[in-house]
1. From the list ALA86, ALA140, which residue is within 15 Å of the chain's Cα centre (by Cα) and either open to solvent by 20 Å² or more (accessible area, probe 1.4 Å) or modelled with pLDDT under 95 (or both)?
2. Restricting to region 1-37, give me the number of residues that are hydroxyl-bearing (Ser, Thr, Tyr) and either surrounded by 14 or more Cβ atoms within 10 Å (Cβ to Cβ) or closer than 24 Å to LEU62 by Cα (or both).
3. Kindly indicate whether any position in region 97-104 is at pLDDT 95 or above and open to solvent by 20 Å² or more (accessible area, probe 1.4 Å).
4. Between TRP63, TRP73, which is modelled with pLDDT of 95 or more and over 30 Å from ASP153 (Cα atoms)?
5. Being of a type in the set (A, V, I, L, M), farther than 24 Å from SER134 by Cα, over 16 Å from the mean Cα position of the chain (by Cα) and surrounded by 12 or more Cβ atoms within 10 Å (Cβ to Cβ), is that true of even one residue in region 57-72?
6. So, of the residues in region 81-102 that are part of a helix (DSSP H, G or I) and among the charged types (D, E, K, R), which turns out to be farthest from LEU38 (Cα to Cα)?
7. Every residue in region 35-80 that is under 15 Å from ASP6 (Cα atoms) and in a helix (DSSP H, G or I), please.
8. Filter region 1-34 for residues that are in a helix (DSSP H, G or I) and basic (Lys, Arg); which is nearest to ILE74 (Cα to Cα)?
Amino acid sequence: MTISIDVNPDQLTRLDLSPVRASIEREPRELLSIEGALKFSIDYPRSEDDPRELSEIPEVRLWFVRLDSVYPWIPFLLDPKSGEIARYAAMLVPHRFHRTEGIQYNPEALEIFVMQKVFVLADWLKKNGISPRSRVKSFAQLFGYDLDEAFLDSL
């Protein structure tokens with residue numbers, strides 16, 4: 001089951017998170033039923049000659065920065081199979097697009113992003129009685145990081 005959250009230009013401009021609230025403001029245990037199922041459908045009009053990706057549009061990125069500040073644990077809900085976590089990271093981490101190699105994150109910024117999310121997710125999951133180890137480890141692996149078991153024990 002995939003849950004798609006539609007975000008329109010007006011909501012982006014106003015930094016309105018109401019479409020997200022309607023889908024995810026539940027008890028943390030209830031969120032287990034939608035873990036890894038969330039996708040965003042962003043409607044942002046562009047001219048046909050605008051080559052930018054959504055993550056290169058300031059209004060779209062700012063909306064995601066706002067989203068991340070209110071729901072820093074939202075990667076728990078994002079659909080990794082559809083690339084939603086990578087797209088989310090692109091909204092928050094400086095990067096470049098290469099025609100042949102795809103998205104290239106700034107390595108230092110990506111490392112900071114991943115570690116910050118590891119800490120946020122581990123704390124949020126533990127606080128809500130959800131085992132964090134495999135979930136946090138899987139999240140980091142999506143970006144090529146293999147977390148040491150001793151490090152995971154320290155969380």
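The values are calculated or read from the model by the stated rules, or taken from the named source; none is laboratory data. Note that the structure is a prediction, hence the values are computed from the model and not measured. When we count neighbours, we look across all protein chains shown, and the Cβ atoms used for this are built from the backbone with ideal geometry, even at glycine. Only protein heavy atoms, including side chains, enter the accessible area calculation; ligands, DNA and RNA are left aside. Shrake-Rupley method; radii C 1.70, N 1.55, O 1.52, S 1.80 Å.
1. It is ALA86.
2. Count: 4.
3. No, the conditions are met nowhere in region 97-104.
4. TRP63 is the lone residue from the list that is modelled with pLDDT of 95 or more and over 30 Å from ASP153 (Cα atoms).
5. Yes, some residue in region 57-72 is of a type in the set (A, V, I, L, M), farther than 24 Å from SER134 by Cα, over 16 Å from the mean Cα position of the chain (by Cα) and surrounded by 12 or more Cβ atoms within 10 Å (Cβ to Cβ).
6. Ranking the candidates gives ARG87 first.
7. LEU54, VAL60, TRP63, PHE64, LEU67
8. ARG21
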